[in-house]
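Quick notes on the structure that follows.
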Amino acid sequence: MSGIVESAGTEPARQLPEEQAGMGLSEGDAGQDRSIRRALLDAALEVFTERGYTDAGLTEIAARSGIPVGSLFQHYGGKRGLYLALWEEFREEQERRTAATLTAERARGVNDPAALFVAGSRAYLEGAWDNRRLGRLLVEDDGPAGFDALRRQWDRAWVRRNARLLEVDEQRRAGRVRVSVLTTVIGGAARELGDCQDETEAREIVDEVCGILIHLSAPPG
């Protein structure tokens, strides 16, 4: 599972079909448009989770949402657009959560890179638990064509952001490896949280992983 410990804030956001559909609408129409999109995404998550992406049918998604198939195509262009919109939603929520945590920590006077990294990681993992249903879907191998490449691209960006947060020299191979290991630990823990059903156990996992990150993120020497 990919995510961000701190948003770069400089990369242009990719405009999804539902964003294009909502441009130029009146306030009332925009509210109705958001309701339609929410119903479609909720239904898509249900069907994708139950049947997998490959076996999911647009007719069933439309029926569960109560929205006509034609409107589904208008907003998302099909099954791939729905899946990518869910992924975008997950990433944006994780970014928002971790960015808010880092802002709060810095406001408290925390400026140690490792401490900020661990705080952001905890926020990310707590978000993975809170959004575990969607998180489970996104780590499955059953996704739209090209999604694995897109996910790997974002994972590499995640490593670069973590390197900047930790103030690691990315020109040094040892530094890159250290950040890559840390990022892999977070991603693996997020996958475990996706399969966890008990909140107490989930909190234990988060605490355990953060303890590991504290040790591993300490500068060498």
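The values are calculated or read from the model by the stated rules, or taken from the named source; none is laboratory data. Being a predicted model, the structure only gives us computed values, none of them experimental. Cβ: placed from backbone, ideal geometry, glycine included. Neighbour counts: every protein chain shown. Note: accessible area is taken over every heavy atom of the protein model, side chains too, but ligands, DNA and RNA are not part of it. Shrake-Rupley method; radii C 1.70, N 1.55, O 1.52, S 1.80 Å.
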ask   = Which pairs have Cβ atoms under 8 Å, sit 6 or more apart or on different chains, and link a residue in segment 154-182 that is of a type outside the set (A, V, I, L, M, F, W, C) to one that is assigned to a loop (DSSP other than H, G, I, E, B) and open to solvent by 80 Å² or more (accessible area, probe 1.4 Å)?
value = Arg178/Pro220
inquiry  = Any residue in segment 95-114 that is under 22 Å from Ala128 (Cα atoms) and in contact (Cβ under 8 Å) with a residue 60 or more places away in the chain sitting within a Cβ distance under 7 Å of a residue that is among the hydrophobic types (A, V, I, L, M, F, W, C) and open to solvent by less than 50 Å² (accessible area, probe 1.4 Å)? List the pairs, counting only those 6 or more apart or interchain.
reply    = Glu95/Ile4; Thr98/Ile4; Thr98/Val5; Thr98/Ala123; Leu102/Leu116; Leu102/Ala119; Ala114/Leu166; Ala114/Ala218
Counted residues, segment 56-73 - those being part of a helix (DSSP H, G or I) and surrounded by fewer than 19 Cβ atoms within 10 Å (Cβ to Cβ) = 9
ask   = Hey, any hits in segment 6-23 for a residue that's open to solvent by 60 Å² or more (accessible area, probe 1.4 Å), under 24 Å from Trp129 (Cβ atoms) and either assigned to a helix (DSSP H, G or I) or modelled with pLDDT of 90 or more (or both)?
value = no
ask   = Is there a residue in segment 162-173 that is at pLDDT 95 or above, loosely packed, with under 12 Cβ neighbours inside 10 Å, over 18 Å from the mean Cα position of the chain (by Cα) and part of a helix (DSSP H, G or I)?
value = no
ask   = Do the conditions hold for Gly109, that is, is it surrounded by fewer than 16 Cβ atoms within 10 Å (Cβ to Cβ) and outside any helix (DSSP H, G or I)?
value = yes
task = Considering only residues that are loosely packed, with under 15 Cβ neighbours inside 10 Å, among the β-branched types (Val, Ile, Thr) and within 22 Å of the chain's Cα centre (by Cα), look in segment 174-211 and name the one that is nearest to Leu137 (Cα to Cα).
result = Thr184
note = The condition of being part of a helix (DSSP H, G or I), under 30 Å from Leu216 (Cβ atoms) and modelled with pLDDT under 95 holds, among Arg122, Arg133, only for Arg133
query = Of all residues in segment 140-150, how many are assigned to a helix (DSSP H, G or I) and surrounded by 17 or more Cβ atoms within 10 Å (Cβ to Cβ)?
reply = 1
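Residue-by-condition table, conditions (1) outside any helix (DSSP H, G or I); (2) touching a strand residue (DSSP E or B) at 6+ places or on another chain (Cβ under 9 Å); (3) over 19 Å from Glu140 (Cβ atoms); (4) open to solvent by less than 40 Å² (accessible area, probe 1.4 Å):
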| site | (1), (2), (3), (4) |
| --- | --- |
| Arg37 | no, no, yes, no |
| Leu41 | no, no, no, yes |
| Thr54 | no, no, no, no |
| His75 | no, no, yes, yes |
| Leu86 | no, no, no, yes |
